[in-house]
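Here is the structure we will look at, set down as structure tokens.
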Amino acid sequence: MNITDIKKAFPIFTHHPDLIYLDSAATALKPAVVIASEQAYYEQCSTNIARGIYPLAEQTTTAFEESRATVARFIGARTPEEVIFTAGTTASLNLTADLLASRITKEDNIVTTALEHHSNFLPWKELAKRNKAELRIVPVTETGTLHLEALKKLVDNHTKIVAFSATSNVLGTINPVSEIIRIIRSLNKETVIIVDAAQAVGHIPVDVVAWDADFIAFSGHKLFGPTGVGVLFGKQTLLNQLSPVAFGGGMVLDACALETLYKDAPARFEAGTPNIAGIIGLGAAITFIESIGVAEIHAHETKLARYACQALQKAFGDDIRILAAKNPEDQSSIVSFTLTGAHPHDTAQLLGEHNICVRAGLQCAAPLHEALNLSATTRLSFSIYNTEHDIDLLITRLKEIRTIL
Amino acid sequence: MSSIYQDIILDHYRNPRNHGTIAHPTHQAKALNASCGDKLQMDIIIKNDIILDVKFSGVGCAISQAAASLLTETVAKKPVTEVLVLEPQDVLTLLGVPLSPSRIKCALLSLETLKKTLNSQKTA
């Protein structure tokens with residue numbers, strides 16, 4: 001992978017040549033091919049999907065469904081019908097909670113973990129509260145991995161849902177998804193398993209059949225795609241047993257019948273006109289990723305993450321607390337830290353004055369910060385357009401910041 | 001470089017005035033900035049509607065700590081009625097630097113905590 005060429009693919013570097021963007025876990029930068037695909041739709045097609053029968057409308061429907069097929073192929077789905085388009089990971093997870101809500105009674109429990117982003121924590125907390133079910137939270141170990149022994153004790157005959165993330169958005173730890181799912185299935189075959197893959201898809205190879213999850217949620221904008229677009233993968237056998245929760249155009253077969261007849265998945269869960277341009281853009285983003293290769297992206301990102309851990313440790317010694325995976329093979333593209341004498345907000349603000357973009361605060365993961373006894377952290381997240389030089393510059397500026405504060 | 005880290009802010013951050021707790025406050029409250037995790041507590045002694053003593057404690061960035069320091073300095077020995085009408089702009093004026101919307105929240109945590117404390121039930 002040639003970084004100089006990669007940077008040329010992202011127009012933002014033309015506008016901000018000195019930009020050091022270390023916040024790709026919040027949202028990835030957009031390559032020209034993605035922007036062009038959205039613009040081409042608006043300029044050349046600009047029609048609705050699955051409705052008109054004139055050529056332009058059919059062209060849009062074809063492009064739209066090609067995106068669905070691209071997503072399905074990319075994550076190893078059995079069929080494109082397992083791919084539901086949503087507004088993002090948060091929308092996907094909330095939709096899942098709504099789809100499963102009628103199955104949850106006060107005898108049941110829902111299991112989530114202390115490692116989660118709020119979007120894979122609050123929907124389950126709310127669902128448990130509404131249905132008077134019990135919310136169980138898998139703790140993290142001192143090293144920030146999921147406590148699998150505790151998980152084994154928490155899943156029982158009354159566990160209707162287990163929701164966990166493939167990659168932590170704070171620590172960058174890649175969870176052993178297949179192993180966790182095997183454990184859950186061995187304890188309760190009926191449990192519906194949901195994986196938040198927002199920080200995993202595009203960063204590590206994802207094969208939904210190998211994972212064996214019932215639902216998988218991720219966003220388009222974190223994999224170089226447009227904002228406002230996401231995916232909910234669902235096992236086809238399960239999807240067609242579930243009733244829709246949003247109603248309107250495009251999802252119904254017989255609206256006049258006494259008992260309304262709905263289309264099969266995914267249409268039954270996609271009422272209304274979707275973000276067509278965004279979904280076409282997501283297809284272009286995945287094609288862009290495939291042209292580089294997920295394995296290559298993963299190797300580049302983890303190399304940077306490891307370099308950052310070593311360089312930060314060397315530069316700041318006992319003054320830095322690095323939050324990352326303990327085993328290098330479990331490390332993704334994310335590394336967080338706290339630095340004595342430099343509050344994350346001040347750090348991020350002062351780095352920003354030098355065009356270095358990092359995330360500061362609770363990273364939408366308050367339960368994890370509480371579990372690790374942290375008030376706030378600074379997060380670095382790497383992508384294909386970053387280099388070791390970016391990390392060297394970051395460290396130079398961090399040293400300066402500590403003399404200012 | 002247009003830094004918000006001016007001398008007055010750094011001075012109050014490094015050497016905060018009124019930092020700590022009061023053994024027997026008449027009023028006490030805490031507030032939280034949910035996006036960054038900053039926590040602030042204020043302990044106050046009010047007598048005859050005058051703020052006799054005020055102290056703050058907690059964790060926070062330079063802006064939130066400096067704002068708390070400057071604000072407590074300003075309100076000490078003042079009548080409660082005078083302090084209750086303080087507005088966000090008054091705190092920003094004390095800091096004297098232009099802040100972006102996300103950092104304004106850091107600065108205003110002190111005012112929120114102060115008003116919450118003044119409006120809290122008497123503890124002693």
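For this structure, a couple of remarks:
- Residues whose amide H falls under 5 Å from that of A:Val252, counting only those 5 or more places apart or on a different chain, are A:Lys263, with hydrogens built in the peptide plane.
- Once the partner protein chains are put back, the stretch A:329-367 shows a loss of at least 40 square angstrom of accessible area, versus the chain by itself, at A:His343, A:His345, A:Asp346, A:Gln349, A:Glu353, A:Leu362 (probe 1.4 Å, ligands and nucleic acids excluded).
- Among B:68-80, A:390-402, the order from most to least packed when residues are scored by Cβ within 10 Å on average: B:68-80, A:390-402
- Distance histogram in 10 Å bins (all Cα pairs of chain A, percent per bin): 5, 22, 30, 25, 14, 4, 1, 0
- Taking A:Arg306, A:Arg51, A:Arg268 in turn, the Gaussian network model of chain A (Cα-Cα springs below 10 Å) assigns the largest fluctuation to A:Arg51.
- Computed from phi, the 3J(HN,Hα) profile of the stretch A:317-328 under the Karplus parametrisation 6.51, -1.76, 1.60 (θ = phi - 60°) reads x, 6, 7, 10, 10, 8, 10, 7, 5, 6, 8, x Hz, with x in place of Gly and Pro.
- Rough spin-label spacing in nm, given labels placed 7 Å along Cα→Cβ, for B:His24 and A:Lys106: 4.7 nm
- Solvent-accessible area lost on pairing A with B (1.4 Å probe, both sides summed) amounts to about 1300 Å².
- With a 10 Å cut-off around each Cβ of B:30-39, the average count of Cβ atoms from other chains is 5.
- Mean partner shielding of peptide B:101-112, defined as the number of other chain Cβ atoms within 10 Å of each residue Cβ, is 1.
- Residues of the stretch A:371-405 that bury at least 40 Å² of accessible area once all protein chains are present, compared with their chain alone (1.4 Å probe, heavy atoms only, ligands and nucleic acids left out), are A:Ser375, A:Ile404, A:Leu405.
- Net length gained if the chain between B:Asn119 and B:Thr93 were fully extended (0.36 nm per residue, minus Cα distance): 7.0 nm
- Dividing the C-alpha radius of gyration of the stretch A:293-404 by 2.2 N^0.38 Å, with N its residue count, gives 1.03.
- In this simple spin-label approximation, A:Arg321 and A:Thr79 carry label points 7 Å from Cα along the Cα→Cβ vector, and these lie 5.1 nm apart.
- Ligands, DNA and RNA are left out, and with a 1.4 angstrom probe the accessible area of the stretch A:170-280 is 37 Å² per residue.
- Given R0 = 56 Å, the distance between the Cβ atoms of A:Ala257 and B:Thr81 translates into a calculated FRET efficiency of 0.25.
- Panel note: contact residues of the stretch B:48-87 (accessible area lowered by at least 30 Å² against the chain on its own; 1.4 Å probe) correspond to B:Cys61.
- Highest mean first, the peptides A:101-108, A:164-171, A:343-350 sorted by other C-beta atoms within 10 Å per residue fall in the order A:164-171, A:343-350, A:101-108.
- Exceeding the 30 Å Cα-Cα cut-off - candidates A:Lys399/B:Lys105; A:Lys125/A:Lys189; A:Lys314/B:Lys105; A:Lys30/A:Lys263: A:Lys314/B:Lys105; A:Lys30/A:Lys263
- Average projection area in nm² (convex hull over Cα atoms of the stretch B:7-118, one quarter of hull surface): 6.2 nm²
- In this simple spin-label approximation, A:Val33 and A:Ala69 carry label points 7 Å from Cα along the Cα→Cβ vector, and these lie 1.8 nm apart.
- Long-range HN-HN contacts of A:Val192 with modeled amide H, under 5 Å: A:Ile161, A:Val162
- Of all accessible heavy-atom area on the protein assembly as shown, the percent that carbon and sulfur account for (1.4 Å): 54 percent
The values are calculated or read from the model by the stated rules, or taken from the named source; none is laboratory data. This one's a predicted model, so the numbers in the text were calculated from it and none came from an experiment. Don't worry about glycine lacking a Cβ; one is built from the backbone with ideal geometry, like all the others, and counts go over all protein chains shown. What goes into the accessible areas is simple: the full protein's heavy atoms, side chains included, and nothing from ligands, DNA or RNA. Shrake-Rupley method; radii C 1.70, N 1.55, O 1.52, S 1.80 Å.
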